[in-house]
Amino acid sequence: MSAVITVRAGNRTLADGSQVLRDIEFAAHAGEHIAITGPSGSGKSTLLSCIGLTSPFDPGSRFEFDGVPIGELGHAEITRIRGRRIGFVPQNSWLIDHLTVRENVQLPLMHRRDIARGLARLRTTSFLEQLGIGALAGRKPGALSGGERQRVAIARALVTEPALVLADEPTGALDQDTGDTVLGLLLRLVRDARACLITVTHDPRIARDADREFRVDRGRLSEVPA
């Protein structure tokens, strides 16, 4: 399997001098589902932020995305990779309330010069249908249930056809049955696309069903034996 991301000697130090991540060694591959667990405040969300290119690793860390050293890229190229190659599914959907479901999902494609408006609309429709929310395309987020909102968030994350999907407690705000359904849809679509899915979770069932589990404790990452 080809590595989508590779981290070597990954560290993250905050402005106050506190070191949140220490000597991270990690690789994730296409078609793989990885769960990241650990206590609150251990560095899980910081790791996800660094991998998702919204927060940088410290200088000297070696982070590659699809074999490209991120530290050698400028801001514009990093922004392009984040927008086109990485999808993010947050816990609470982060939908824009004044936009419709269709507009929320299509938003990541609207400023892409390489995707025609018609293709963007077709791709949006396809993901809404695959997630069972095609009939909700014209509704605003305030009219949706929690499970429906999270399906919209998944569609928005996948509409760019990313190589890497990052999910931060994607079922944490849902009841168990709804969460199981939503997670099942996410896993199926990601695996169909041969993307890599990394899920931060406190749910032992999600961790157990992942291909691999890693645990963060006081900023250090270790793989949990199968």
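Within segment 109-155, the set of residues being out of contact with any helix residue (DSSP H, G or I) (no Cβ under 9 Å at 6 or more places or on another chain) and either of a type in the set (Lys, Arg) or under 21 Å from residue 173 (Cβ atoms) (or both) comprises 113, 142. The single condition among (1) at pLDDT below 95; (2) part of a helix (DSSP H, G or I); (3) not hydroxyl-bearing (Ser, Thr, Tyr) that residue 41 does not satisfy is (2). Take the residues in segment 1-55 that are among the charged types (D, E, K, R) and within 21 Å of residue 187 (Cα to Cα), then tell me which one is surrounded by the most Cβ atoms within 10 Å (Cβ to Cβ). Per the criteria, the residue is 44.
In this structure, residue 112 qualifies as under 22 Å from the mean Cα position of the chain (by Cα), outside any helix (DSSP H, G or I) and either among the charged types (D, E, K, R) or at pLDDT below 95 (or both). Within segment 143-198, the set of residues being in a loop (DSSP other than H, G, I, E, B) and hydrophobic (A, V, I, L, M, F, W, C) comprises 144, 159, 163, 173, 174, 193, 195. Taking the criterion of being surrounded by 21 or more Cβ atoms within 10 Å (Cβ to Cβ) and either without any contact (Cβ under 8 Å) to a residue 60 or more places away in the chain or touching a helix residue (DSSP H, G or I) at 6+ places or on another chain (Cβ under 7 Å) (or both), the residues of segment 180-197 that qualify are 182, 183, 186, 197.
Out of the residues in segment 198-226 that are of a type in the set (D, E, K, R) and within 20 Å of residue 50 (Cβ to Cβ), which is surrounded by the most Cβ atoms within 10 Å (Cβ to Cβ)? Per the criteria, the residue is 213.
The values are calculated or read from the model by the stated rules, or taken from the named source; none is laboratory data. Predicted model only: the values in this text are computed from it and were never measured. Every residue, glycine as well, gets a Cβ built from its backbone with ideal geometry; the counts of neighbours run over all protein chains shown.
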